[in-house]
Amino acid sequence: MPVKVEKDALTGTETTGHEWDGIKELNTPLPKWWLYTFYATILFSVIWWILYPAWPSLTGYTKGILGSNQRLEVEQRLAEARARQQVWLERIAAKSPAEIKADPDLARFAMVGGAAAFGTNCAPCHGVGGAGQSFFPALVDDEWIWGGTLEEIEYSIRHGIRNADDPGARAAAMPAFGTDGILDRGQIRDVTQFVLSLSGRASDPAAAERGAPLYAENCASCHGERGEGMTALGAPRLDDAIWLYGGTAQEIEAQIWRPRLGVMPPWQGRLSDETIKMLTVYVHGLGGGQ
């Protein structure tokens, strides 16, 4: 049955014959400018299909008369960039981190390359820009557990800390004074107060006094008589406000009772020598290098 077409009384526009709840649908044509734009896009797409790769097939795809291939273009640009970088990388390979840092041009290149490598490999633990986080040390201050010279930083990056993958890894173990039965709970509390007194924060002077000889007997050989630390043994300072596992009495006591010992993987063999050198220069230049 044909749809009855009529004109709307108010607008004079024909209706489509459809009606919902007394509302009639007007048969309003699309604006010409819109139609012309739509037709132009169709024409453009056809021209694009002809000029550029477009349609897949069972054996490949249409190549287009221009033969354009953006994947090859990207690969060519990357190859050109690597070729330009190779000149600098060869210079870095032939120099030590100290020599790289002394050369302004090489130092700038190393800082940029080191920042990229740091963001990919180191920032998940040490934080963006080496700010540190949770139980991972900051690299932007002047406190270094294993030393902050260029040579010491490079060694730490190459061999890592307390890992089983590299026989040259830095290794130092703090005894578990509580769980191994070396000191009892009361003695550990006294040592904790003495450690707090090294930075002027002891809350129990009598306990700190009792803890002094215990500290001298059990801790001073690594951490120093006044808590100055010893980088050769990886023993951190105890007389400042920088604490890796927390500096409250409860946190210090827990570390003495059963210490947490961080692990860092060796990057030698995972990263190129040039990348390790650039990382060394970058980390040293974060602000805390010695």
Go through Gly17, Gly12 for me and flag whichever is at positive phi and out of contact with any Lys or Arg (no Cβ under 7 Å at 6 or more places or on another chain). Gly12
Identify, please: which residue in region 97-121 is touching a residue at least 24 places away in the same chain (Cβ under 8 Å) and small (Gly, Ala, Ser) and is, among those, surrounded by the fewest Cβ atoms within 10 Å (Cβ to Cβ)? Ala98
Answer yes if at least one residue in region 274-289 is more than 30 Å from Ala107 (Cβ to Cβ) and either outside any loop (DSSP other than H, G, I, E, B) or aliphatic (A, V, I, L, M) (or both), and no otherwise. no
Taking region 177-208 and keeping only residues that are among the small types (Gly, Ala, Ser) and either in contact (Cβ under 8 Å) with a residue 12 or more places away in the chain or buried (at least 19 other Cβ atoms within 10 Å of the Cβ) (or both), one is left with Gly178, Ser197, Ser199, Ala202, Ser203, Ala207, Ala208
In the set Pro175, Pro205, Pro213, the lone residue that is over 26 Å from the mean Cα position of the chain (by Cα) and not assigned by TED's automatic domain parsing to the domain that holds Thr248 is Pro175
Counting just the residues of region 209-248 that are of a type in the set (Gly, Ala, Ser) and under 16 Å from Asp190 (Cα atoms), which one comes out surrounded by the most Cβ atoms within 10 Å (Cβ to Cβ)? Gly211
Going by the conditions given, is Arg84 within 30 Å of Ala107 (Cβ to Cβ), free of Cβ contacts under 8 Å to residues at least 40 places away in the same chain and not polar (S, T, N, Q)? yes
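The values are calculated or read from the model by the stated rules, or taken from the named source; none is laboratory data. Just so you know, these numbers come straight off a predicted model, no measurement behind them. Cβ: placed from backbone, ideal geometry, glycine included. Neighbour counts: every protein chain shown.
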